[in-house]
Amino acid sequence: MPRTDDAVTNLAFLRLDREFLDTQQAGGSTTTLVIAQRQSRHGGMYHLRVGNFGDSRVLLGSADGSMFRGPGTDRGLTTDHKPDLKSERLRIQRTGGIVQEVEGVARVNGTLAVSRAFGDAQHKKTGGPCPRDHPVTCAPELEVFECSSSDFLVLVQASRLLEEHAGGLAQQHQQELEAIKNEMARRTDELRTEQQEKLRERGGKLLQQQKLNDLSVKYAQLEAEHEKVQQEASSSLLARDALESTIQTARDQQVELERKLESSRADCEAREVQLMKLQQEHGSLQQQHTELQQAHKSLQREHKQLQTEHAGAVQARKQLTSDTESLRREMLQKLQERDEHISTIEDLRADAEERLEAKQGVLDQLVADFERERQSLQADISAAKAALSQQRTEIEERDRRASVQADEDPSSELRGHPRPALSPTLHWPGDEQHGESGVPQMHGRSRCALLLCRLARPRELAINAGWRR
C-alpha cells in the first residue's frame, strides 16, 4: 500500500486512467487538481496541493490584481505538458514514441498535441508494462504552495478558456469595425445635410434680392443675376455630384478600410503563428546549440584522450620496435649457435656411427666364435652324459650282483642290513654345481675357467656397444 499523499494521488490517477481505457473511447482528456488545506485551525494560511497533466493551467493571483510568480508555464503553478518540452521529448523517445511538427505544432507520433492525458489508447501501446513507460502517460506532476485566506484567487485555466478568450478578441475586433462603419455613415449624413442647408440659404438670398430690386430698373441686373443663379445652380449640381462622388469615395474607402482591417487581422494571426513557430524554432535551436556544445566538449575530451592514447601508442610502438629488433638479433644469434651445435652433433653422430660399425663387426666375429665354442661344448657334454650313463649302468649292475651274492652267502656281513641307495648324482672332484639330472655341466674347473676367459671379452664389447647406442 502507498504510504505518502503523492503515491495515493498517483495510484488514483492510474485507476482513473484504467477505467477510462476500459470504456474503449478513442480520445482522451487532460485534468488539473487543486486541494486547499488549512495549516492550522485558527491560522489564515493554506496549503495548496496542485496536480496536473496535459495543458490545463493553474494561476494564483491576489485581490489587488497582482499575480503570483509560479515555477510553471507563463508564471503559473503548473507546467503545460507539451511534446516539445525537453524532458517530455526525451521521455517520449525513450518509451518508443516520436515527436513530429505538424503545421508548426509539436505532436506525439504526429497526432496528439499533449504528452500526458487520460485515455488515448493508441499512444499507450509502446514502451514498458508500467503506465509511466508509455509515450502518453497519466502520471501527474504534483506541487505544494502556500497562500493566504484573505488575499488569494485560484483560477483554473484550461485550453477551452484560452479558445474562448481568442473568440472574445475576435468579437471585440468586429465591434470596433462596426463602430468605424457607423461613424463613417454618420459623417456622410452630416455632410449631405450641411450641403443641402447651404443651397437653401443661397436660394433665399436670391429671392430677397429679386424682391428689393425694381423689376423695371434692374431687369438687366436680374437677367445677369439669373444667369449667375443658373451658373450657381450648375455649380450646386456639380457640388452635389462632387458630394456624391465624395460619399462614394468614402464608401469605397470604408470598404477598403474593412478589407485592410480584415487583411491586418489575418496578417496579425499569421504573424502570431509565425511568432509561435519562431519561438519554437528558437527553443529547438537553443536546445540544438546546447546539445552541440555538449557534443563539442565531448569531442574535445575524446580528442585529448585520443592524442594521449596516440602518444602512448607511438611510444609503445617504438618500444615494441626496439624489443623486436633485440629479440630478432637474439634469435639470429641463437639460430647461429644452434646451427653450430647441429653441425657438431652431426660430426659426432657420423664418428659414433663409424665406431659403432667397427665394433659391430668385431662383435659379430666374437658371436660367431662363441657359437662355434658353444656347439663344441654341447658335443662334449653329450659325450660326457653318454659315458656317465654307461658308468652308472655298470655300477648298478655291480651293486645288484653284490646284493644277490650277499643274499646267497649266509656268512656275509651285509646280510639283513639295508643297502645304501645309489646317489642319483655323481660328484666330480673339484666340482660343486650339477644339473638337475646329476650330470655335471662342465668337465672340471679348468674347462669352465677356460670358457669364462674366452667369453669375457665379447661380453664387454657388447656392453660397450649398447652404451654407445
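The values are calculated or read from the model by the stated rules, or taken from the named source; none is laboratory data. It should be emphasised that the depicted structure is a prediction, and the values quoted were computed from it without experimental measurement. Glycine also receives a Cβ, built like all others from the backbone with ideal geometry; neighbour counts cover every protein chain displayed.
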Query raised in the report: Taking only pairs six or more apart or across chains, which ones have beta-carbon atoms under 6 Å, a first residue in region 109-120 that is within 20 Å of Thr79 (Cα to Cα) and in contact (Cβ under 8 Å) with a residue 60 or more places away in the chain, and a second residue that is among the β-branched types (Val, Ile, Thr) and in a strand (DSSP E or B)?
Result: Arg116/Thr137
Report summary line: Of Leu335, Leu356, the only residue that is at pLDDT below 90, over 30 Å from Asp84 (Cβ atoms), in a helix (DSSP H, G or I) and aliphatic (A, V, I, L, M) is Leu356
**Report entry** Candidates Ala106, Ala113, Ala170 - the one that is among the aliphatic types (A, V, I, L, M) and modelled with pLDDT under 75
**Finding:** Ala170
**Report entry** Top-ranked residue in region 37-76 [being among the basic types (Lys, Arg) and under 21 Å from Ala117 (Cα atoms); ranked as modelled with the highest pLDDT]
**Finding:** Arg49
Query raised in the report: With Val404, Val362, Val367 as the choices, which residue is among the hydrophobic types (A, V, I, L, M, F, W, C) and surrounded by fewer than 11 Cβ atoms within 10 Å (Cβ to Cβ)?
Result: Val404
Report task. Only residues in region 349-366 that are free of Cβ contacts under 8 Å to residues at least 24 places away in the same chain count as the first member; pair them with residues that are of a type outside the set (S, T, N, Q) and in a helix (DSSP H, G or I), Cβ under 9 angstrom, at least 6 apart or cross-chain, and list the lot. Result -> Gln365/Pro458
Query raised in the report: Taking Ala113, is it surrounded by 19 or more Cβ atoms within 10 Å (Cβ to Cβ) and either in contact with a Lys or Arg (Cβ under 6 Å, 6 or more places away or on another chain) or farther than 19 Å from Ser149 by Cα (or both)?
Result: no
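This table checks each residue for (1) among the basic types (Lys, Arg); (2) assigned to a loop (DSSP other than H, G, I, E, B).
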| site | (1), (2) |
| --- | --- |
| Leu77 | no, yes |
| Asp80 | no, yes |
| Arg91 | yes, no |
| Ala106 | no, no |
| Thr126 | no, yes |
Requested in this report: Identify, from the list Arg18, Arg69, the residue that is part of a loop (DSSP other than H, G, I, E, B), among the basic types (Lys, Arg) and surrounded by fewer than 17 Cβ atoms within 10 Å (Cβ to Cβ).
Outcome: Arg69
